[in-house]
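Colleague: For reference, the structure I am asking about is given below.
Please treat every number below as a calculation from the coordinates, not as lab data. The model shown is predicted, which means the values in this text are computed figures rather than measured ones. As a convention, Cβ positions derive from the backbone with ideal geometry for all residues, glycine included, and neighbour counts pool all protein chains shown.
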Amino acid sequence: MIVCANFKANKTRQETQAYMAVVESFVSANNISDTVIVFPPFTALEHLPRNVLIGVQNAYPVQNGAFTGEIALEQLEEFAVTTILIGHSERRHILGETQETVAAKFRFFAEKGFTIVYCVGEPLEIREEGNEALMDYISNQFEGIDLEYPDLIVAYEPVWAIGTGLTPSVRDIELLHGALREKTKAPLLYGGSVKVDNAGEIMTLENVDGVLVGSAALSANDFCDMIAQAAELS
Ligand code: PEP
């Protein structure tokens with residue numbers, strides 16, 4: 001199983017260090033062999049423990065250069081970061097990343113050998129149009145993405161489920177993950193209002209290889225609880 005925490009623009013450096021101390025000791029004390037990935041803010045990349053993978057939530061697809069406000073490969077290399085989240089719906093819908101931009105990031109970081117957690121997911125109005133529209137929408141989000149990239153992890157995160165407390169039915173998750181499984185052999189994560197109470201059930205579903213958790217992972221103890229649930233299933 002793969003269990004990921006996406007902090008978004010939450011937590012200071014100090015809070016992240018305290019959080020990681022809890023998660024790191026939990027992972028060691030319980031001999032967790034599942035993959036645990038934390039995506040903290042850029043400012044908290046320093047001095048983080050390493051028995052948990054640390055990834056970035058975004059980066060600009062260049063070595064370095066005149067890209068005001070961006071973080072590029074050179075800055076990630078300084079912290080030995082080789083894991084990145086690409087295509088998160090907040091970047092697509094709030095920050096205006098097009099599929100072209102997302103695919104350019106994918107190509108660049110794949111060429112550099114990064115582990116890429118690639119997110120796809122539909123807004124509510126698309127889901128309401130039915131299955132064909134839903135699958136067309138998701139397929140378009142794979143345009144320019146190499147689904148055979150060996151260090152790819154795909155996260156299905158319906159936009160309407162992120163941070164809302166809403167989740168698709170278990171049957172809908174299984175249907176969607178089944179369709180994704182036909183497209184790629186990559187591990188498939190579900191994300192969108194995963195919490196301690198539903199993580200275990202979601203991880204038992206067919207073709208679900210783990211979870212990507214936002215709000216509910218901001219508590220280190222809750223995140224550890226979800227790691228423990230994953231470990232029980234592994
Ligand atoms: C996310 O942003 O990736 C996410 C899944 O958020 P939440 O768990 O808060 O819905």
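Colleague: Kindly provide the pair-distance distribution of region 44-145 built from C-alpha pairs, with 5 Å bins from 0 and whole-percent values in order of increasing distance.
Modeller: P(r) over region 44-145, rounded to whole percents: 2, 12, 21, 21, 18, 11, 8, 5, 2, 0.
Colleague: Further, regarding this structure: Size of the dipole of the chain about the Cα centre, Lys and Arg at +1 and Asp and Glu at -1 on the beta carbon, nothing else charged, in debye to 20?
Modeller: On the way: 15 positive and 33 negative charges, 99 e Å.
Here the size comes out at about 480 debye.
Colleague: So how do 101-107, 64-70 stack up, highest first, on mean other-Cβ count within 10 Å?
Modeller: 101-107, 64-70
Colleague: Next question, about the same structure. What FRET efficiency would be calculated for the residue pair T98, K185, taking the C-beta separation as r and a Förster radius of 22 Å, to the nearest 0.05?
Modeller: The pair T98/K185 has a calculated efficiency of 0.25.
Colleague: Please compute the length gained on full extension between A21 and D172, using 0.36 nm multiplied by the number of residues separating them and subtracting their Cα-Cα distance.
Modeller: 50.7 nm
Colleague: I would also like to ask the following. Counting other Cβ atoms within 10 Å, keep those with at most 13, restrict to DSSP loop, and tell me which GluC sites (Glu not before Pro) in region 114-193 are left.
Modeller: E129, E143, E148
Colleague: Counting only pairs 8 or more places apart or on different chains, how many lysine pairs in the chain have C-alpha atoms closer than 27 Å?
Modeller: Within the chain, the lysine pair count is 10.
Colleague: Take the alpha-carbon positions of the chain, form their convex hull, and give its projected area averaged over all directions (one quarter of the hull surface) in nm².
Modeller: On the way: hull surface 47.0 nm².
If you wrap the Cα atoms of the chain in a convex hull and average its projections, you get 11.7 nm².
Colleague: At 0.36 nm per residue, and after removing the present C-alpha to C-alpha distance, how many nm does the segment from R107 to A80 gain when stretched out fully?
Modeller: Contour length minus the Cα-Cα distance gives 7.8 nm.
Colleague: Ranked highest first by the average count of other Cβ atoms within 10 Å around their residues, in what order do 206-212, 29-35 fall?
Modeller: 206-212, 29-35
Colleague: Based solely on C-alpha atoms, express the radius of gyration and the Dmax of region 131-188 in angstrom.
Modeller: 11.9, 33
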